[in-house]
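Chemist: This is the structure, below, for whatever I ask next.
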Amino acid sequence: MDYKALNATDIKYFENFLNEHQIITDKTSLNKYGRDYTEDLFFEPSAVLIPENVNEISQIMKYCNEHLIPVTPRGSGTGLSGGCLPVKKGIVLSLERFNKILSIDTENYQAIVEPGVINEDLQNKVQAFKMFYPPDPASKGSCTLGGNVAHSSGGPRCVKYGTTRDYVLNLEVVLPNGEIIQTGANVLKNSTGYNLTQLMVGSEGTLGIVTKITLKLLPYPSFNTLLMAAFDSALDACRCVPAILNAGIIPSALEFMDKRGVELSTNSHQIGFDTNQGNAYLLIEVDAFDADYLMPQCEKIYEVLEQHNVKNILIAEDAATKEKFWKIRRSIGEVVKKLSIYKEEDTVVTRGNLPEIYDYINFLSKEYGFDCICYGHAGDGNLHVNILKQNMSDEKWEQELPKAIRLLFEKCKALGGTISGEHGIGLVQKPYLDVVFQPIHFHLMKGIKSIFDPNNILNPDKIFNN
Ligand code: MLT
Ligand code: ZN
């Protein structure tokens, strides 16, 4: 596709309906919009537009569609697959001013939000009404709900409560031609034709610009208990994960951390925690509406842990200890990324196959000589494998490592899984999509893309090459 390079006439057109502060063209400011949290990647946009209402977005899209100017939507840039990087230049459309919680419906347990609202802000806001928005990515303090919708983001609570997708009831979307549509209705049941709402969720900003999100809420479970279990053997920790669920417990979090992840996070944030307790840890939370339900669940979990050679179990007695344990877990990603250039693989397998995939990761790391840190949402079978470049030569990093990653993904597929559980395909996982999709899948997906976006101006070359 031959795109048109953005020029002064285009900027003049945008100046007709956008104010000066809504158009960014200076190099220094553009820099920030050319990166996200993915590796060390940088793609400078030609301009950034910061619309403040849906009609402005509609006008921008209509114009860009007619003039073949690529548009890449962006939340707060915390993505881990390069989804908001403007790889074909053109415009970055920042949703940062779409940051309002429009309504909280306490009767129907729903919230309507704009896509630039920070995940944790919504969680806090609805909690004040004793309501609960469960999806909680590690970056919940900075990631936006629009970005969460784009990737169907997850987080620790998904093991009990599901991912973003399970909470999206309806969307307002601006299509690439500028048309504004509702994808569904603000109801809990909807059996009315194809589910356009769910098609948009996880489409990584390639089909339309989400401008309003109706979310389902739950009653807030006010009580929880948090345990940190240390194991000598990481495989024992992995084996314990399905056993906890098989014992009839659905924890509200069931997270895995290897020793190095815990050490890095603990040292970097000077968290008082003895990191010599084990080679792997499970962070296990149970929640309830009534405190009396917690202890029986914990007793069962203790039993299962003991059957799996647990070495030590710490119970977070107070809010400060809970916060400390969660900080250890939530900081790992960020700390690892400061350590070295890295690649993060978002492997997901059926939960019973965790020991197999963990074992295989170790095998590959020895075979290909890479160093990696594993942590993640064990209860979902979703392990993040952060591969560190450190002193690895550029040649090995670029030529050899992709072979190991491909083998890793092939193993995920063989174990009933896939290549991303919650970070998306975006740019960096694109070369591996053929591990899980056959030509017919690409044909169907490209067909959908071309109906929504026949000129391929919206977030081009993401998920697959157009
Ligand atoms: C996490 O679970 O910590 C997040 O997905 C972020 C990350 O892995 O970097
Ligand atoms: Zn995660």
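Chemist: With a ≥ b ≥ c taken as the square roots of the eigenvalues of the C-alpha gyration tensor of region 150-208, please select rounded if a/c is under 1.5 and otherwise prolate if a/b is larger than b/c or oblate if it is not?
Modeler: Here region 150-208 falls in the oblate category.
Chemist: Given +1 on the Cβ of Lys and Arg, -1 on the Cβ of Asp and Glu, and no further charges, what dipole in debye does region 274-365 carry about its Cα centre, rounded to the nearest 20?
Modeler: Rounded to the nearest 20 debye, it is 500 debye.
Chemist: With an 8 Å cut-off on Cα pairs and a minimum separation of 6 or more residues, tell me the relative contact order of the chain in percent.
Modeler: Worked out over the chain, it gives 16 percent.
Chemist: Looking at the chain, I'd like the Rg to Rh ratio, where Rg is from alpha-carbon atoms and Rh is Kirkwood's inverse mean 1/r.
Modeler: Over the Cα atoms of the chain, Rg/Rh equals 0.97.
Chemist: Simple spin-label model, 7 Å along Cα-to-Cβ: I271 to R97 in nm?
Modeler: For the pair I271/R97, the computed spacing is 3.8 nm.
Chemist: Take the Cβ-Cβ distance between I315 and F17 as r, set R0 to 60 Å, and report the resulting FRET efficiency rounded to the nearest 0.05.
Modeler: It comes out at approximately 0.55.
Chemist: Is the shape of region 254-409 best called rounded, prolate or oblate, per the rule: a/c under 1.5 gives rounded, else a/b larger than b/c gives prolate, else oblate, with a ≥ b ≥ c the square roots of the Cα gyration tensor eigenvalues?
Modeler: Since a/c reaches 1.5 and a/b is larger than b/c, the shape of region 254-409 is classed as prolate.
Chemist: Kyte-Doolittle cut-off 0.0, length cut-off 18 Å along the helix's own axis using Cα: show which whole DSSP H helices in the chain pass.
Modeler: Working: long enough: 54-67 (20 Å, -0.65); 234-246 (19 Å, 1.05); 294-307 (20 Å, -0.26); 319-339 (29 Å, -0.51); 354-368 (21 Å, -0.32); 401-414 (20 Å, 0.25); 439-452 (20 Å, 0.56).
For the chain, where a helix must reach 18 Å along its axis and average at least 0.0, the hits are 234-246, 401-414, 439-452.
Chemist: Now a separate question. State whether region 219-282 is rounded, prolate or oblate according to the following rule on the C-alpha gyration tensor (a ≥ b ≥ c being the square roots of its eigenvalues): a/c under 1.5 gives rounded; otherwise a/b larger than b/c gives prolate, and the remaining case gives oblate.
Modeler: Because a/c hits 1.5 or more and a/b fails to exceed b/c, region 219-282 counts as oblate.
Chemist: Which value, in debye to the nearest 20, describes the size of the charge dipole of the chain about its Cα centre when Lys and Arg Cβ atoms bear +1, Asp and Glu Cβ atoms bear -1, and nothing else is charged?
Modeler: With only Lys, Arg, Asp and Glu charged at Cβ, the dipole is about 540 debye.
Chemist: Once phi is turned into ³J(HN,Hα) by the Karplus curve 6.51 cos²θ - 1.76 cosθ + 1.60 with θ = phi - 60°, what whole-Hz value does each residue of region 424-429 show in order, with x for glycine and proline?
Modeler: Once θ is set to phi - 60°, the couplings for region 424-429 become x, 9, x, 9, 7, 9 Hz.
Chemist: Between K446 and Q307, what length in nm is gained on full extension when 0.36 nm per residue of separation is reduced by their alpha carbon distance?
Modeler: Result: 45.2 nm gained on full extension.
Chemist: Turning to a different aspect of this structure: Amide H neighbours of L169 under 5 Å, counting only residues 5+ apart in sequence or on other chains, H built in-plane at 1.01 Å?
Modeler: T214, L215, K216
Chemist: Moving on to the next point. Over 18 Å between Cα atoms, which of K88/K430; K130/K324; K89/K462; K343/K389 qualify?
Modeler: From the list (K88/K430; K130/K324; K89/K462; K343/K389), the Cα-Cα distance tops 18 Å for K130/K324.
Chemist: With unit charges on the beta carbons (Lys and Arg positive, Asp and Glu negative) and the dipole taken about the Cα centre of region 135-266, which residue among G178, L215, G147 sits farthest to the positive side?
Modeler: Farthest along the dipole direction, towards plus: L215.
Chemist: Using +1 at the Cβ of each Lys and Arg and -1 at the Cβ of each Asp and Glu in region 41-108, identify which of V71, F42, V54 lies farthest towards the dipole's positive end.
Modeler: F42
Chemist: Quick one: which of 97-109, 369-381, 233-245 comes out on top by average Cβ neighbours within 10 Å, and what's the full order, highest first? Don't skip to the end; give the middle numbers.
Modeler: On the way: 97-109: 14.2, 369-381: 23.8, 233-245: 22.0.
The densest-packed peptide leads the list: 369-381, 233-245, 97-109.
Chemist: Also: Only helical DSSP H runs with n ≥ 4 go in: add -39500 (n - 2.57) per run for the chain, normalise by residue count and round the 222 nm mean residue ellipticity to 500 deg cm²/dmol.
Modeler: That calculation yields -10000 deg cm²/dmol at 222 nm.
Chemist: Could the peptides 349-356, 272-279 be put in order, highest first, of the mean number of other beta-carbon atoms found within 10 Å of their residues?
Modeler: 349-356, 272-279
Chemist: Okay, moving on. What is the sum of charges, Lys and Arg at +1 and Asp and Glu at -1, for the other residues whose Cβ falls under 13 Å from the Cβ of N465?
Modeler: +3
Chemist: For region 153-301, give the magnitude of the charge dipole about the Cα centre (Cβ charges: +1 Lys/Arg, -1 Asp/Glu; no others), in debye to the nearest 20.
Modeler: Approximately 400 debye in magnitude.
Chemist: For the pair D40 and K27, how long in nm is the line joining their label points, each one 7 Å along Cα→Cβ?
Modeler: My value for the distance between the label points is 2.1 nm.
Chemist: Starting from the residue with the highest accessible area, list M131, M295 in decreasing order, probe 1.4 Å.
Modeler: Final ranking, largest accessible area leading: M295, M131.
The values are calculated or read from the model by the stated rules, or taken from the named source; none is laboratory data. Given the structure is predicted, the values throughout are model-derived calculations rather than measurements. Every residue, glycine as well, gets a Cβ built from its backbone with ideal geometry; the counts of neighbours run over all protein chains shown. Accessible surface areas use protein heavy atoms only, side chains included; no ligands, DNA or RNA. Shrake-Rupley method; radii C 1.70, N 1.55, O 1.52, S 1.80 Å.
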